[in-house]
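Values in this text are rule-based calculations from the coordinates and carry no lab data. Because the structure is predicted, anything quoted here is derived from the model rather than measured. Cβ atoms come from the backbone with ideal geometry, glycine included; neighbour counts cover every protein chain shown.
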Amino acid sequence: MNNKPFVIERVYGAPVERVWKAISDKNEMKQWYFDVSDFKPEIGFEFQFEGNNEGRIYLHLCKVTEVETGRKLKYSWTYKGYEGLSYVTFELFAEGNKTRLKLTHEGIETFPAIPDFRKENFVAGWTAIIGDMLPAYLEGKNVTINP
C-alpha cells in the first residue's frame, strides 16, 4: 500500500493575497473548485460539497484544522457513508509577484479500496483543479466545474 501523500506544486502569475482569496473565499471557491455549502478559513469550521465521478455522487465532509492567513490552509476530507480520513493542505509561497502553491493530500490510502477512491483518480482530479481550473480562474477566464 502506498502511504505517500500526493503533492502537486504550481506557480501562478498572481500575488499571494489573490491566490489566498481564491482558496479561502466561498464565493471565489465556487468559481473554480467545488460548489461549497459555506466556507470560512477558521479552525473548526465544517463545510461540505458534492463531487461526482461518472454520475456517482459523493458527499465530501470537511473540517478546517489549520489556518495561517495568506500562507497555509488545511482541512480534513472524508466522505459521508465511507470509512477513511484524509487531509488536504494548501501552502502558499511568494515568489516575487507570483505565487507558488503546494497542495498535499495525505491519507488517501485510508479510503475503501473501490475504483473511485484510487490514488490515480485523486492525482487526475487535483492536477485538473490546481493545474488547469485555478490558473484559468486567476487569469479571469470562465471555468466550468463539475456540478
Pair Ile57, Asn97: separation of 7 Å Cα→Cβ label points (nm)
4.4
Around Lys63, with a cut-off of 12 angstrom between Cβ atoms, what is the net charge of the other residues, counting Lys and Arg +1 and Asp and Glu -1?
-1
Using a basic spin-label model with each label point 7 Å from the Cα along Cα→Cβ, how many nm lie between Asn142 and Thr104?
3.8
In debye to the nearest 20, how big a dipole does the chain give about its Cα centre with +1 on each Lys and Arg Cβ and -1 on each Asp and Glu Cβ?
240
Could you tally up the Lys pairs in the chain with alpha carbons closer than 17 Å? Skip any pair fewer than 8 positions apart unless they're on separate chains.
24
Give me the distance in nm between label points sitting 7 Å out from Cα along the Cα-to-Cβ direction at Glu17 and Glu46, one decimal.
3.5
For region 1-79 and region 86-147, what is the centre-to-centre distance using only Cα atoms, to the nearest Å?
8
Label zone at Ala113 (point 7 Å along Cα-to-Cβ), backbone N below 20 Å, region 5-19:
5-6
Loop only per DSSP, at most 13 neighbouring Cβ atoms within 10 Å: give me the GluC sites (Glu not before Pro) in region 63-100, ordered by residue number.
Glu83
Trypsin sites (Lys or Arg not before Pro) within region 86-147, DSSP loop, no more than 15 other Cβ atoms inside 10 Å
Arg118, Lys141
Using Cα pairs closer than 8 Å and at least 6 residues apart in sequence, work out the relative contact order for the chain, in percent.
29
0 to 90° range, to nearest 10: angle between helix 119-128 axis and the chain longest Cα axis
30
